[in-house]
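Here the structure is laid out as structure tokens; the discussion comes afterwards.
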Amino acid sequence: MADLSGNYEIRRFDAVSKGKDGYAEAETWSRAVSFGFHESTRTPEHVAKTLETYEADRRVLTGAYQTGPVAPSSLPADVPVATFGTMRNTLNVGFGHLVEAHLVTAVTVRTSHRRRGLLRRMMSEDLQLAKDDGVAVAALTASEGTIYGRFGYGVASFERNIKVDTTARFSLPHQPAGTVEVADPKALLQLAPEVFDRVHRLTPGSVGRQDWYRQLASGSLGRDGKEDPAIKVALHYGPAGTVDGYVSYKFLGWDTEPYTVEVVDLLAGTNDAYLELWQFLGAIDLVERVSWTEAPLDDPLAWALDDPRCIDSSDSRDMLWLRILDVPKALAGRHYPAGGRLALKVLDPLGLTAGTYALSVDGGQAAVERLPETAEADLTLDVSALSSMYVGGVSPVTLAAAGKVREHTAGSALKARQMFAVERATHCLTHF
Ligand SMILES: CC(C)(COP(=O)(O)OP(=O)(O)OC[C@H]1O[C@@H](n2cnc3c(N)ncnc32)[C@H](O)[C@@H]1OP(=O)(O)O)[C@@H](O)C(=O)NCCC(=O)NCCS
């Protein structure tokens, strides 16, 4: 394919809210993103609210702009033909360890400019910049599964849809340790980030949330840019009276049968909070089903219910994708539940991390050393596979069976599985 990427200029600028310098450029950029994701044109008010949350997230907006003449009557040159957004937040890499992650979002290329290398150019430049900036890992969520492996990203967490039958069949025997009370949804504007912080520290694979989440959960700013009056909220209080979980939900109306409540956001900072919020959901009168589109695959709910078949699950899918940018820094940022030494030969399609590394773990702490090219490795793997196993969402043994990890020393995939294990199921409740 001809490389036409020289006909474009790449510009990077900060997201700013209305009234500030640079708003017009950010607004035009944001409209290009909506176009790329086939959304209706957003109202100026919706764009303004969106950019306010982007500013709070400290997003950096990247656009590719045409440098040559623009076809008459077509979109003008100040509308980017490609968009790419980034922000920084923390990633839980297991055992409560948080590392800084470079989050990639809003990747679009206008149809008439696609397959000319624009994504490749923006991604390659951006990952290099993030690495130069000292960030050890990049992350994204993907619209399609075939796009990002070529850039070294690997699937690191999964999610699924569930529909839970909450008729008389629903029985969740658990002695409550706390209580659940219905609250004014707006209480979540303040409480949601506090509860999320607990969940974030508890859950491997969790990514720090953007500002919009508290607005979504509280019904203040729905996906359509408006208040959502249908949102209802219940809070979970732990034994000491502290809010340590919540569910934000809405009833889908009397025309939807079976009568259904849809979970908008469910956060539980303790095991008890999770079970007790489900007891609450299962007890809502006149409702026969509770649906949730962000449920974990490895779900305690299935084991807590008397009848696990109350859960009808579908559409298990990849959620978080990770891309290690600096192997020694990323691996040293983790805690390891098993000691040992592994020599890992890492292949990298973008050349950012290629090399052989010795990972030596003693007392949970890792020392990572770069070995000479000629050094013998226990495992050879692409950086995408290493990124997949990094937060414990996928077993190296499974990756070996899939041909994504090559084992040179017998038993080393199992050893990697033990070393890279995390303390509880990997799950990410942050879409970005
Ligand atoms: C996905 C998208 C951003 C690709 O942009 P693009 O500029 O056409 O991509 P490039 O020309 O840089 O292609 C880079 C590589 O990815 C491949 N690729 C691009 N899009 C792909 C897709 N949807 N599926 C599989 N491969 C894809 C190209 O074949 C090319 O491969 P190669 O360099 O190994 O030969 C663009 O098609 C798009 O905007 N899609 C709609 C919005 C979307 O899905 N965004 C992703 C959000 S997560």
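The values are calculated or read from the model by the stated rules, or taken from the named source; none is laboratory data. The structure displayed is predicted, hence computed values, not measured ones. Heads up, the Cβs are rebuilt from the backbone with ideal geometry, glycines too, and the neighbour counts pull from every protein chain shown.
Just for region 153-180: of the residues that are in a loop (DSSP other than H, G, I, E, B) and within 16 Å of the ligand (Cβ to nearest atom), which one is nearest to PRO396 (Cα to Cα)?
Taking the candidates together, the pick is ALA156.
Is one or more of the residues making up region 281-298 without any contact (Cβ under 8 Å) to a residue 40 or more places away in the chain and under 24 Å from SER316 (Cβ atoms)?
Scanning region 281-298, I find no residue that is without any contact (Cβ under 8 Å) to a residue 40 or more places away in the chain and under 24 Å from SER316 (Cβ atoms), so the answer is no.
Could you tell me which residue of region 102-127 is nearest to the ligand (Cβ to nearest atom), considering only residues that are assigned to a helix (DSSP H, G or I) and of a type in the set (Ser, Thr, Tyr)?
So the residue we want is THR111.
Among the residues of region 237-266, how many are within 13 Å of ILE284 (Cα to Cα), part of a strand (DSSP E or B) and not aliphatic (A, V, I, L, M)?
5
Just checking, does region 321-338 include any residue being farther than 22 Å from LEU235 by Cβ, in contact with a Lys or Arg (Cβ under 7 Å, 6 or more places away or on another chain) and surrounded by fewer than 17 Cβ atoms within 10 Å (Cβ to Cβ)?
Looking through region 321-338, none of the residues is farther than 22 Å from LEU235 by Cβ, in contact with a Lys or Arg (Cβ under 7 Å, 6 or more places away or on another chain) and surrounded by fewer than 17 Cβ atoms within 10 Å (Cβ to Cβ).
Which residue is surrounded by the most Cβ atoms within 10 Å (Cβ to Cβ), if the candidates are limited to region 362-378 and must be small (Gly, Ala, Ser) and on the phi < 0 side of the Ramachandran plot?
Within region 362-378, the match that is surrounded by the most Cβ atoms within 10 Å (Cβ to Cβ) is ALA377.
If you check VAL135, VAL195, VAL180, VAL155, which single one turns out to be modelled with pLDDT of 95 or more, over 30 Å from TRP303 (Cα atoms) and touching a helix residue (DSSP H, G or I) at 6+ places or on another chain (Cβ under 9 Å)?
Matching residue, one of VAL135, VAL195, VAL180, VAL155: VAL135.
Which one of LEU381, LEU399, LEU359 is part of a strand (DSSP E or B), without any contact (Cβ under 8 Å) to a residue 40 or more places away in the chain and crowded, with 22+ Cβ neighbours inside 10 Å?
Exactly one of LEU381, LEU399, LEU359 is part of a strand (DSSP E or B), without any contact (Cβ under 8 Å) to a residue 40 or more places away in the chain and crowded, with 22+ Cβ neighbours inside 10 Å, namely LEU381.
Check ARG201, ARG150 and return the single one that is within 16 Å of the ligand (Cβ to nearest atom) and in a helix (DSSP H, G or I).
Sole residue among the options that is within 16 Å of the ligand (Cβ to nearest atom) and in a helix (DSSP H, G or I): ARG150.
May I ask you to say which residue of TYR259, TYR246 is within 18 Å of LYS186 (Cβ to Cβ) and surrounded by 15 or more Cβ atoms within 10 Å (Cβ to Cβ)?
Working: TYR259 fails: within 18 Å of LYS186 (Cβ to Cβ).
None of the others qualify; the one that does is TYR246.
Quick one: which residue in GLY238, GLY225, GLY253, GLY219 is at positive phi, touching a helix residue (DSSP H, G or I) at 6+ places or on another chain (Cβ under 8 Å) and surrounded by fewer than 21 Cβ atoms within 10 Å (Cβ to Cβ)?
That would be GLY225, the only listed residue that is at positive phi, touching a helix residue (DSSP H, G or I) at 6+ places or on another chain (Cβ under 8 Å) and surrounded by fewer than 21 Cβ atoms within 10 Å (Cβ to Cβ).
With the requirement that a residue be within 16 Å of the ligand (Cβ to nearest atom), at pLDDT 95 or above and among the acidic types (Asp, Glu), what does region 1-50 give you?
Across region 1-50, the qualifying residue is only GLU9.
Within region 65-77, is even one residue surrounded by fewer than 23 Cβ atoms within 10 Å (Cβ to Cβ), in contact with a strand residue (DSSP E or B) (Cβ under 9 Å, 6 or more places away or on another chain) and either closer than 26 Å to ALA330 by Cβ or among the hydroxyl-bearing types (Ser, Thr, Tyr) (or both)?
Yes, region 65-77 has at least one match.
Quick check on my filter: what residues within region 348-380 are closer than 23 Å to GLN128 by Cα, touching a helix residue (DSSP H, G or I) at 6+ places or on another chain (Cβ under 7 Å) and hydrophobic (A, V, I, L, M, F, W, C)?
Selection gives LEU350, LEU352, VAL368.
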